[in-house]
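Below is one structure, written out as structure tokens; comments come after it.
Only the coordinates and a few stated rules stand behind these numbers; no lab work does. These numbers come from a predicted model, not from an experiment. Virtual Cβ from ideal backbone geometry, glycine too; neighbours counted across all protein chains shown.
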Amino acid sequence: MERELLNSLMGRVASRDKAAFEAIYRHFVPKLRSFMARSSNEPAVVEEYVQEAMVTVWRKAHLFDPSRGHASTWIFAIARNLRIDAFRRGPKPDFDPADPLLAINGTEPPDELVLRSQQADALREAMKQLKPDFVEVLRMSYFEGLPHGAIAEKLGLPLGTVKSRIRLACEKLRAALGDL
């Protein structure tokens, strides 16, 4: 429809002319459906937004000023504002940054890979400085996941000795690694 015709129909809608509103409705509803479909994939939600927009056009037609703009601009502004309001009111999904679906191809950022590699190298070097007895109890406890009692039994050592070696080894590693 032409601009002048739409603006004229809006003037008649302001006077509660149902035939004019029907013409506006038939013209804009398909366009508003397409517009609203960009914000929702649910047809029922889209239809609700469109109907709400058209009800607002009917109720507020007296506020339309043809000297300030085109009827289509005014109607789409109403629809856009309804869509924004619905988004603001709507339920917000919980965002879990640890969700594996949000990870980009499961790859770590390059700077984190480099840092982790440097930390692993520093740990290997620090472990080379420990006595073999300390390395053995650390390996069994942290890498094999054995409880202290099982380590003591497996090595034929008292439980207190195993715990002391683990504690001393950790202290030495902590001192060797510093702030790393």
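Taking the centroid of alpha carbons for each part, region 18-78 and region 131-170 are 74 Å apart. Our coupling estimate for region 5-17, obtained by passing each phi through the Karplus curve with A = 6.51, B = -1.76, C = 1.60 and θ = phi - 60°, is 5, 4, 5, 5, 4, 5, x, 6, 5, 4, 8, 6, 7 Hz, Gly and Pro reported as x.
Which shape class, rounded, prolate or oblate, goes with the chain when its Cα gyration tensor gives a ≥ b ≥ c as root eigenvalues, a/c under 1.5 marks rounded, and past that a/b bigger than b/c marks prolate? Present the calculation step by step, with values, prior to reporting the outcome.
On the way: a/c = 6.18, a/b = 4.50, b/c = 1.37.
Prolate, since a/c reaches 1.5 and a/b exceeds b/c.
Taking 28 Å as the straight-line reach from the Cα of LYS154, the lysines in range (excluding those fewer than 8 positions away in the same chain) are LYS128, LYS131, LYS163, LYS172.
Relative intensity of region 3-89 on a log10 scale, I(q)/I(0) at q = 0.12, 0.22 Å⁻¹, equals -0.33, -1.02, per a Debye sum over C-alpha point scatterers of equal strength in the absence of solvent. Computed on the chain, with alpha-carbon pairs under 8 angstrom and 6+ residues apart, the relative contact order is 17 percent.
Each of the trypsin sites (Lys or Arg not before Pro) that DSSP puts in a loop and that has at most 12 other Cβ atoms within 10 Å breaks the chain; the longest unbroken stretch is 69-180. A simple rule links phi to the HN-Hα coupling: the Karplus curve 6.51 cos²θ - 1.76 cosθ + 1.60 with θ = phi - 60°, which for region 60-77 gives 10, 4, 5, 8, 5, 10, x, 6, 9, x, 7, 4, 5, 5, 5, 5, 5, 5 Hz, with x for Gly and Pro. Using C-alpha pairs under 8 Å with a sequence gap of at least 6, the mean separation divided by the residue count of region 3-89 gives a relative contact order of 37 percent.
Starting at the first residue of region 135-151, write each ³J(HN,Hα) from the Karplus equation 6.51 cos²θ - 1.76 cosθ + 1.60 with θ = phi - 60°, in whole Hz, x for Gly and Pro. Ordered by residue, 3J(HN,Hα) equals 4, 5, 5, 5, 4, 5, 6, 8, 8, 8, x, 7, x, 4, x, 5, 5 Hz.
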